[in-house]
Amino acid sequence: MKKLFLCSLCIVLVLGCSGSSRILDIGYGDYSKENFLLRIGANSTVRKSETVLEVKSISEATLKVSEAVTIYEKEDKDLATVYLVHDSFKSIDYIKANIRDRNGRIISSYDEDDAADISLSGGGTFFSDSRIKILELLYNSFPYTIEYEYQVEYSGLLNFPRWMPQKTGQSVEHSKFTIIDKGQTGVRYKVLNSEMEPTVSDQTGFKTISWEMENSLPMFIEDHGPSALDILPSVVVAPGKFSIGGSSGDASTWKEFGKWYYDLALETRELPDEAKREIDNLIEGVDSQNEKVRLIYDFMQERSRYVSIALGIGGWKPYSATYVFENSYGDCKALTNFMQAALEYIGVNAEAVLIRRGDFTPDMLEDFPSNQFNHVILRVTLDNDEVIWLECTSKYVPANHIGSDNAGKYALLITNEGGELIQVPEQNYTTNIQDNFRFISVSESGDASINSKTKSRGELQDNLLYSLLPVSEKQRVEWLEENLEVDNREITDYDLSGVRKDTTVAEFSFTAEIIGYGNTSSKRLYIPVNKVNSWSITIKSDEERNQPVRFAYPFSEIDSVIFSTPQNFTFESIPRSVSYSFDFGEYSSEIEVLDGNRVLYKRYMAMKEKKVEAERYDELQNFFEKVRTADAQQIVMVASESQ
């Protein structure tokens, strides 16, 4: 539920001399010996790794990680950095590390004092008690090995770290993960992307569960493929009963987990009297519940801004509606909570929905109740059973526009009776539409004047709103120029007044002059039919594709273009009509001669699905190539004989 941006961190650490008190020995043995099969294609190899998670109670746990990794090339030196986040519920006991050369000789050793410690708050829009320790283990002779060990103490349990024995491009010689459950808390686990079976040992007073991986080859994400979490082996772990920040709950079922969150936020939804008066004045004389919701949503958007807050239990417990009203800001929890409080005040049913936001984040594990969420939205149900969805962190989108990064996902509805697993409405290509209307006048020299109008709906409308509403007039013109992807163009006039959030469609128009839109020869003029909106995405041929192709959202484009051509030229050839149809997409284009020197070009392009499975990859690659070829067609004109 927080946005974390680490940009261009440059940490320079001075190599220290080795001292016996700082040397780490994880007992690997002879680093000069390599398994060459594990090195083939790998950027690094985990030589030995051991992770132990010891759960002591519903609020206390210890995580100890000990690992040795050999890095092969200079280009992969970023793998030699250890990142450790700590906050009010996680403290770092110690960090120890070595750099060893290719023969296993220790070059230098480090401890916690050598690590940079940086706050994760920044820019005045993010409040967090989280910090990150960064230890860079750099050496200039490859291959070399880093060894490190650290221990983290947990003083509040809601999340356990996921065990991932390898990163993308990394092979594994030996890795082991052990859970020691001494707290009898009902610790649960789920193995993903692997058939690893655990070894379970029940002993007096505690249970031990462990997994091991040996001699695993590297794995890679294919072009336009899924996230690393979708393909790499991992074990996710979650508590049953838990306690964090003085609040106790049970995550073993969605209902119980939702009840914990509902109770946590319940006392925060009382509006101050001043807010009630403003809302009363706002909706005075309005009978429609739908209109009341829209007015209050606009009210919240106009007076509040998004600020991420993750201080202590505030990473989960919303700041009160009073706090948001008085300070005019909040994070996703707080803004959603304020909107819910305002709607409850006027008698409209509204419920928070916990969701895992992100266009390419892995799907929620529906059968594994646990904290899998990073965002909150609001579901509103009117008396006539109409449902309205609200994204409360945005100042720029209308109601029912929750974004492609939320659409279609499974989520947890928070009711007064507990949590209920639901699916958020999907987007589809018939609602994410862009209509382009253009008049292009082409001169004998190939230069062109363009008069263009665009109407966007759904996600494409949201893209416009996010791009143009928050920025200055100068930046809007720059956006127009950047999105007219044609060389030698000049925007001569524009109208962006139709880019508003109070309509179901966003509209803008512009006029432009383009030098060299078409090409000329001694007698001929070549006019591209779709130079302004041609398809540019390509995917490589791949005979052994194993992973699906992912897109942010489905969409459709409709282009209608009238070309006015020079009077003293006649048509020599006109592109043929084409039509392609697949389960995942459609394309068609055609040209109609209107009169002596004008033609109408019509184009339809649709991507119907967000994900195309690997077995259809060749079809998708073929489809994209056909679209690119069709978009690149030209009208050929020849000068009249009298010329």
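In the condition set (1) open to solvent by 50 Å² or more (accessible area, probe 1.4 Å); (2) more than 24 Å from ALA399 (Cβ to Cβ); (3) within 34 Å of the chain's Cα centre (by Cα), ASP273 is compliant with all but (3). Among the numbered conditions (1) touching a strand residue (DSSP E or B) at 6+ places or on another chain (Cβ under 8 Å); (2) open to solvent by 10 Å² or more (accessible area, probe 1.4 Å); (3) touching a residue at least 12 places away in the same chain (Cβ under 8 Å), the only one that GLN372 does not meet is (1).
In region 533-548, the residues that are within 9 Å of ALA614 (Cβ to Cβ) form Cβ pairs under 6 Å with partners that are open to solvent by 60 Å² or more (accessible area, probe 1.4 Å) and part of a loop (DSSP other than H, G, I, E, B), at six or more places apart or across chains, as follows: PRO548/GLU613.
Those residues that are among the polar types (S, T, N, Q) and either touching a helix residue (DSSP H, G or I) at 6+ places or on another chain (Cβ under 7 Å) or open to solvent by 70 Å² or more (accessible area, probe 1.4 Å) (or both), I need them from region 537-564; list them, please.
THR538, SER541, ASN546, GLN547
Filtering region 595-618 down to residues that are open to solvent by 70 Å² or more (accessible area, probe 1.4 Å) and over 31 Å from the mean Cα position of the chain (by Cα), which residue is nearest to ARG524 (Cα to Cα)? Residue satisfying both the conditions and the ranking: ARG598.
When you check ASP280 against the structure, is it assigned to a helix (DSSP H, G or I) and either closer than 30 Å to GLU54 by Cβ or under 27 Å from the mean Cα position of the chain (by Cα) (or both), yes or no? So ASP280 fails the test. Among the residues of region 340-355, some residue qualifies, meaning at least one is open to solvent by less than 60 Å² (accessible area, probe 1.4 Å), modelled with pLDDT of 95 or more, in contact with a helix residue (DSSP H, G or I) (Cβ under 7 Å, 6 or more places away or on another chain) and in a loop (DSSP other than H, G, I, E, B). I want to confirm something. Restricting to region 442-457 and keeping residues that are over 20 Å from ASP495 (Cα atoms) and open to solvent by 20 Å² or more (accessible area, probe 1.4 Å), which single residue is nearest to the chain's Cα centre (by Cα)? The qualifying residue nearest to the chain's Cα centre (by Cα) is ASP447. The number of residues in region 150-167 that are open to solvent by 20 Å² or more (accessible area, probe 1.4 Å), farther than 27 Å from ASP230 by Cα and assigned to a loop (DSSP other than H, G, I, E, B) comes to 1.
Against the test of being among the hydroxyl-bearing types (Ser, Thr, Tyr) and open to solvent by less than 50 Å² (accessible area, probe 1.4 Å), the options THR204, THR199, THR253, THR268 yield a single qualifying residue, THR268. Evaluate the following for LYS207: is it at pLDDT below 95, part of a strand (DSSP E or B) and within 14 Å of LEU53 (Cβ to Cβ)? Answer is yes for this residue.
Quick check on region 382-395: of everything there that is open to solvent by 30 Å² or more (accessible area, probe 1.4 Å) and at pLDDT 95 or above, which residue is farthest from TYR306 (Cα to Cα)? Write out each step before concluding.
First pass over region 382-395, keeping only residues open to solvent by 30 Å² or more (accessible area, probe 1.4 Å): 383-387, 395.
Narrowing the set further to residues that are at pLDDT 95 or above leaves 383-387.
Numbers: ASP383: 30, ASN384: 31, ASP385: 30, GLU386: 27, VAL387: 24 Å.
The extreme case among them is ASN384.
Of SER579, SER556, SER589, SER560, all but one fail to be over 30 Å from MET219 (Cα atoms), in a strand (DSSP E or B), without any contact (Cβ under 8 Å) to a residue 24 or more places away in the chain and not charged (D, E, K, R); the exception is SER579. The residue list SER288, SER320, SER248, SER328 contains one member that is in contact (Cβ under 8 Å) with a residue 60 or more places away in the chain and surrounded by fewer than 22 Cβ atoms within 10 Å (Cβ to Cβ), which is SER248. Here GLU459 does not qualify as out of contact with any Ser or Thr (no Cβ under 6 Å at 6 or more places or on another chain) and either more than 28 Å from GLY585 (Cα to Cα) or of a type in the set (Asp, Glu) (or both).
At least 3 residues being of a type in the set (A, V, I, L, M) and surrounded by 16 or more Cβ atoms within 10 Å (Cβ to Cβ) is the threshold, and among the strands (runs of 3 or more DSSP E) wholly inside region 70-145 those reaching it are 90-100, 131-136. Picking from residues in region 168-196 that are in a strand (DSSP E or B) and among the basic types (Lys, Arg), the one that is surrounded by the fewest Cβ atoms within 10 Å (Cβ to Cβ) is LYS190.
The criterion of at least 2 residues that are touching a residue at least 12 places away in the same chain (Cβ under 8 Å) and open to solvent by 80 Å² or more (accessible area, probe 1.4 Å) is met, among strands (runs of 3 or more DSSP E) falling completely within region 485-530, by 489-495. The set of residues in region 504-560 being more than 27 Å from the chain's Cα centre (by Cα) and among the aromatic types (Phe, Trp, Tyr) consists of PHE508, PHE510, TYR517, TYR526. A count restricted to region 81-100 and to residues that are farther than 16 Å from ILE26 by Cβ and not polar (S, T, N, Q) stands at 9.
Provide a single number: the residues in region 565-580 that are closer than 19 Å to ALA632 by Cα and either open to solvent by 60 Å² or more (accessible area, probe 1.4 Å) or of a type in the set (Ser, Thr, Tyr) (or both).
Of the residues in region 565-580, 8 are closer than 19 Å to ALA632 by Cα and either open to solvent by 60 Å² or more (accessible area, probe 1.4 Å) or of a type in the set (Ser, Thr, Tyr) (or both).
Taken together, the criteria place SER445 among residues that are outside any strand (DSSP E or B), hydroxyl-bearing (Ser, Thr, Tyr) and over 30 Å from CYS332 (Cβ atoms).
The values are calculated or read from the model by the stated rules, or taken from the named source; none is laboratory data. Model, not experiment: these values are computed from the prediction. Glycine gets a Cβ as well: all are built from the backbone with ideal geometry, and neighbour counts include every protein chain shown. Protein only, heavy atoms only, side chains kept; ligands, DNA and RNA dropped before computing areas. Shrake-Rupley method; radii C 1.70, N 1.55, O 1.52, S 1.80 Å.
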